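K.L.:
Below you will find the structure I want to go over with you.
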Amino acid sequence: MSHNKVYVLGVGELPPTKSLKDLDFREMTFEAAVRAYADAGIGPSEVDGLFSAELDFVEGISIADEYTPDQVGTRLKFNMLVVGDFLEALFHAYMAVRSGLTDLVAVESHARPSEIENYADVLRSSLDPHCLRPILSDPYAIAGLDARAFLGRTGSTTQDLSLVAEKNLKNAARSGGPYGEALNADDVERTAFVYEPLRQKHVAQFSDYVAVVVLGSERAAKGSDRFVEIASIWQAGATSGAHQWMRKWGVMEWVKGALERIERDLRGNPMRSCDLVEFTEFFAHQELQFLSAMLRSEGEALRMLRSGDLELGSALPVNPSGGCLGNGNSLNASGGRAFVSAVRQLRGEAGNVQVTGARAAIVGSLHTEISDSGTLVYLRTGDAM
Amino acid sequence: MRRVAIVGAGMTDFRSMLPHSSPEMIREAVKRCLDDVGSLSIRYVDGVLCASAPDAFDGYHDKVSIANEAAGAIGKPITRVFVGGGSGVAAAVSGWYHVASGLFDTLLVVAWEKMSPPYPHAQKLFQTIFEPVIEQPLGPNLIWIFALEMRRYMEAHNLSKELIAEVAVKNKANALDHPHAQLGAKITVEDVLRSEVMVWPVNRLDISPTSDGAVAILLASEDVARKLTDTPVWIDGVATCLDSQYWTNRDLAFPYYVYLAAQKAYRMAGIKNPLKEVDVWEPYDPFTYKELHHLDGLLGKPGLAPKLLKEGQLHRDGDYPASPSGGLLGVGNPIAAAGLMKVAELYWQLSERAGKRQVPNAYVGVAQAWGDLMQVGTVVVCRR
């Protein structure tokens, strides 16, 4: 039985900013939707429905999807709120279009961490209330533990994490990311430990952001001359529940399952045909963990990092946008920023950070900063693969 | 489109202060569901979709993390959807496209709610669903706005409190036959009218209870379904529809969003005349008037449901049996789980395993839920 192919027909965003203080969350969403529809060359009346990715405690409102239809122009249409990162909502939207249920849909996610006064408390409340919350005043300590496990097992050092930070901060300085700066690894190494072995510049700072993406079937894509195909997408769950006691530390186990699925869909290893990678590295070690899992070799990921093979202009640019370290941690909207960056690369619209001849990209995002679950997407231009 | 079937279902008791944690409820519902499919191993299941309403009920941020292990889904794809009270049926809609897309051959759909722990009452948490600038400062609660809607509905169709109270009498009586029901009872219209006035015209017995509970169903593609069971129940139509958040700008007399969702689901299922073609209805009934209000939307005829109720047609032995399960008024209302209970009821009815609740000759059924800020309709059409 054949299923619809799924294409990205339009993207819209408000670029990541340290604080979008002049715009309400509804105004942010409206602006991004207007840009996405203009990019797709459609009006909101043509869209069948909406998938949004929000989290109650981050919004400060329960059932946040109540507020999306008016802003996105999807009143009296299909609606589904997916709790988590943007790419998880994209996964749902992909399945809805692929199944034939919908033909043309919007996917939305926004975050305003600049307005959250107690984010550590919010994130801490995702953990087991008996065993973990009482002992973890700051849940980012979990990232520190995970980084420690990764460094210990692979023999890598904080200098390697600083190389990741150097690369991504420099890329962001070129792309216009709010945290971009021309630091070298030694500068990064001189910043203070915050969650040892993670230093200050190994941790993404917050940024406000919103993305709206328009997906459509072949029928909806007809006539478009710059579409990007979602060739494969898969979400994979965690190795542990809220208590974390079964978690496999220092590795991204979820990537294995997602990668196997994408290999099955593509009948080949996506890393061999991909021109760039965008990944939501909230902490520097996560980029190396992700690449290690994607390459099925921790040694190879480290070798590529140390030899500059992950830089813009090299064989496999990773986070040419500057990633989360350079663009900020936009919470549940972070995957949207990575996704929009990758789409712009494949359309040749990435400006100062354009990867020459980019025809296929991998985008990955974590469910949340401290989760060991995530979503993986393989994108390609119409004639790639 | 790839056909999708429900091949198993299971649920916990619905209770206030159920002495189970959320993971324990999930585990029990999932076990009963898999046992229903010949003690199927969770290893056979490709992924899990969960639904639960506001995070505040469990006191967890991003509470999918409490479901993965409880559902046996470690390492499996697992995501969570929710659209407030519409979540349970929305989960079935979402589960449908998981399987219909060809990405999943089997999918466990599990919904739960733990409403008892909020002190002194879950109602306080509902204030966080209101618009933060204009509405929240007024300190609204759900009963206020539903009272407004009920009043408008009564006005539009000249309905009496006595007639609407018959929904509570019917559903609580139906729930006496449901093994997991919280509030099955033989009551009278007088009992409803004499119960405490919460916000006029809503009396206490017009309202479903706060509840704890979980429900799970197993979905499968056509090929797999035929291997797993001789009595698959097909999900042939699905839809959701979300209206504006600005509920004060809408005419509350008719749930247009439910109507649109139903029309889309009927088209998918090839149903042209729902009054003639649907044998069993499970409309969302958190309040007495809501069953009628939603049935009006599902039938596409404003004011028809009260007439059918008056004629006794909505009873289990009537021509249009509505909430034969006992509904939220009788079985209970653990928000997301309540909606999925309605889908599970269709599975039991259409596979002729509803026991004392069985509606004779049930071939086609419709389940519907409603939520967000009185603005979303979620609908599935199932067929034997």
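K.L.:
Within region B:91-101, is even one residue under 19 Å from the mean Cα position of the chain (by Cα), more than 8 Å from every other protein chain (Cβ to nearest Cβ), crowded, with 23+ Cβ neighbours inside 10 Å and under 30 Å from B:GLU190 (Cα atoms)?
P.N.:
There is no residue in region B:91-101 that is under 19 Å from the mean Cα position of the chain (by Cα), more than 8 Å from every other protein chain (Cβ to nearest Cβ), crowded, with 23+ Cβ neighbours inside 10 Å and under 30 Å from B:GLU190 (Cα atoms).
To keep it simple, each residue is scored yes or no on (1) touching a helix residue (DSSP H, G or I) at 6+ places or on another chain (Cβ under 7 Å); (2) farther than 19 Å from B:VAL238 by Cβ.
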| residue | (1), (2) |
| --- | --- |
| B:SER52 | yes, yes |
| B:LYS63 | yes, yes |
| B:ASN68 | no, yes |
| B:ALA91 | yes, no |
| B:PRO117 | no, yes |
| B:ALA122 | yes, yes |
| B:PHE126 | yes, yes |
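K.L.:
I need the full set of residues from region A:198-212 which are surrounded by 19 or more Cβ atoms within 10 Å (Cβ to Cβ), over 15 Å from the mean Cα position of the chain (by Cα) and of a type outside the set (Val, Ile, Thr), in order please. Talk me through it step by step, then tell me what you get.
P.N.:
First, the residues of region A:198-212 that are surrounded by 19 or more Cβ atoms within 10 Å (Cβ to Cβ): A:198-199, A:201-204, A:206-212.
Still in the running and over 15 Å from the mean Cα position of the chain (by Cα): A:198-199, A:201-203.
Those that are surrounded by 19 or more Cβ atoms within 10 Å (Cβ to Cβ), over 15 Å from the mean Cα position of the chain (by Cα) and of a type outside the set (Val, Ile, Thr): A:LEU198, A:ARG199, A:LYS201, A:HIS202.
K.L.:
Touching an Asp or Glu at 6+ places or on another chain (Cβ under 7 Å), outside any loop (DSSP other than H, G, I, E, B), over 26 Å from B:GLU149 (Cα atoms) and touching a residue at least 12 places away in the same chain (Cβ under 8 Å): is that true of B:GLU345 in this structure?
P.N.:
On the way: touching an Asp or Glu at 6+ places or on another chain (Cβ under 7 Å): yes; outside any loop (DSSP other than H, G, I, E, B): yes; over 26 Å from B:GLU149 (Cα atoms): yes; touching a residue at least 12 places away in the same chain (Cβ under 8 Å): yes.
Spelling it out, B:GLU345 is indeed touching an Asp or Glu at 6+ places or on another chain (Cβ under 7 Å), outside any loop (DSSP other than H, G, I, E, B), over 26 Å from B:GLU149 (Cα atoms) and touching a residue at least 12 places away in the same chain (Cβ under 8 Å).
K.L.:
Of these, A:LEU20, A:LEU81, A:LEU14, which one is at pLDDT below 95, among the aliphatic types (A, V, I, L, M), in contact with a strand residue (DSSP E or B) (Cβ under 7 Å, 6 or more places away or on another chain) and not in a helix (DSSP H, G or I)?
P.N.:
On the way: A:LEU81 fails: at pLDDT below 95; A:LEU14 fails: at pLDDT below 95.
Just a single option satisfies the conditions, and that option is A:LEU20.
K.L.:
Does region A:84-101 hold any residues that are within 10 Å of chain B (Cβ to nearest Cβ), touching a Ser or Thr at 6+ places or on another chain (Cβ under 7 Å) and either surrounded by fewer than 24 Cβ atoms within 10 Å (Cβ to Cβ) or part of a helix (DSSP H, G or I) (or both), and which are they?
P.N.:
A:GLU88, A:ALA89, A:PHE91, A:HIS92, A:MET95, A:ALA96, A:VAL97, A:ARG98, A:SER99
K.L.:
Among the numbered criteria (1) farther than 12 Å from A:GLY216 by Cα; (2) in contact with an Asp or Glu (Cβ under 8 Å, 6 or more places away or on another chain); (3) away from every other protein chain (no Cβ under 11 Å), which single criterion is violated by A:LEU104?
P.N.:
Checking A:LEU104 against (1) farther than 12 Å from A:GLY216 by Cα; (2) in contact with an Asp or Glu (Cβ under 8 Å, 6 or more places away or on another chain); (3) away from every other protein chain (no Cβ under 11 Å), the one that fails is (1).
K.L.:
How many residues are under 17 Å from B:ARG152 (Cα atoms) and either out of contact with any Lys or Arg (no Cβ under 9 Å at 6 or more places or on another chain) or at the interface with chain A (Cβ under 10 Å from one of its Cβ atoms) (or both) if we restrict to region B:245-254? Spell out the reasoning first.
P.N.:
Taking region B:245-254 first, the residues under 17 Å from B:ARG152 (Cα atoms) are B:246-254.
After this cut, where a residue has to be either out of contact with any Lys or Arg (no Cβ under 9 Å at 6 or more places or on another chain) or at the interface with chain A (Cβ under 10 Å from one of its Cβ atoms) (or both) as well, the list is B:246-250, B:254.
Going through region B:245-254 one residue at a time, the tally reaches 6.
K.L.:
State whether one or more residues within region A:31-51 are part of a strand (DSSP E or B) and in contact with a His (Cβ under 6 Å, 6 or more places away or on another chain).
P.N.:
In the first step, residues of region A:31-51 are kept if they are part of a strand (DSSP E or B); the result is A:49-51.
Add one more test, that the residue is in contact with a His (Cβ under 6 Å, 6 or more places away or on another chain), and what stays is A:51.
Yes: one or more hits.
K.L.:
While we're on this one: Kindly indicate which of A:LEU151, A:LEU145, A:LEU169, A:LEU163 is at pLDDT 95 or above, within 28 Å of A:MET304 (Cα to Cα), crowded, with 16+ Cβ neighbours inside 10 Å and touching a strand residue (DSSP E or B) at 6+ places or on another chain (Cβ under 9 Å). Explain how you work it out, then say what you get.
P.N.:
Values: A:LEU151 fails: touching a strand residue (DSSP E or B) at 6+ places or on another chain (Cβ under 9 Å); A:LEU169 fails: touching a strand residue (DSSP E or B) at 6+ places or on another chain (Cβ under 9 Å); A:LEU163 fails: touching a strand residue (DSSP E or B) at 6+ places or on another chain (Cβ under 9 Å).
Matching residue, one of A:LEU151, A:LEU145, A:LEU169, A:LEU163: A:LEU145.
K.L.:
Name the single residue that is farthest from the other protein chains (Cβ to nearest Cβ) among those in region B:48-61 being modelled with pLDDT of 90 or more and more than 22 Å from the chain's Cα centre (by Cα).
P.N.:
For region B:48-61, the residue satisfying everything is B:TYR60.
K.L.:
So, A:ASP265, is that one farther than 30 Å from B:ILE66 by Cβ, within 14 Å of chain B (Cβ to nearest Cβ) and among the acidic types (Asp, Glu) or not? Can you show your working first?
P.N.:
Values: farther than 30 Å from B:ILE66 by Cβ: yes; within 14 Å of chain B (Cβ to nearest Cβ): yes; among the acidic types (Asp, Glu): yes.
It is true that A:ASP265 is farther than 30 Å from B:ILE66 by Cβ, within 14 Å of chain B (Cβ to nearest Cβ) and among the acidic types (Asp, Glu).
K.L.:
Also, quick follow-up: If we keep just the residues of region B:228-244 that are crowded, with 22+ Cβ neighbours inside 10 Å and of a type outside the set (Val, Ile, Thr), which is nearest to the other protein chains (Cβ to nearest Cβ)?
P.N.:
Just the residues of region B:228-244 that are crowded, with 22+ Cβ neighbours inside 10 Å, to begin with: B:232-233, B:235, B:237-243.
Still in the running and of a type outside the set (Val, Ile, Thr): B:232, B:237, B:239, B:241-243.
Numbers: B:PRO232: 17, B:GLY237: 10, B:ALA239: 7, B:CYS241: 6, B:LEU242: 4, B:ASP243: 6 Å.
Applying the filter and picking the extreme gives B:LEU242.
The values are calculated or read from the model by the stated rules, or taken from the named source; none is laboratory data. Please read all numbers here as calculations on a predicted model, not as lab measurements. In this analysis, Cβ positions are derived from the backbone assuming ideal geometry, glycine residues included, and neighbour counts consider all displayed protein chains.
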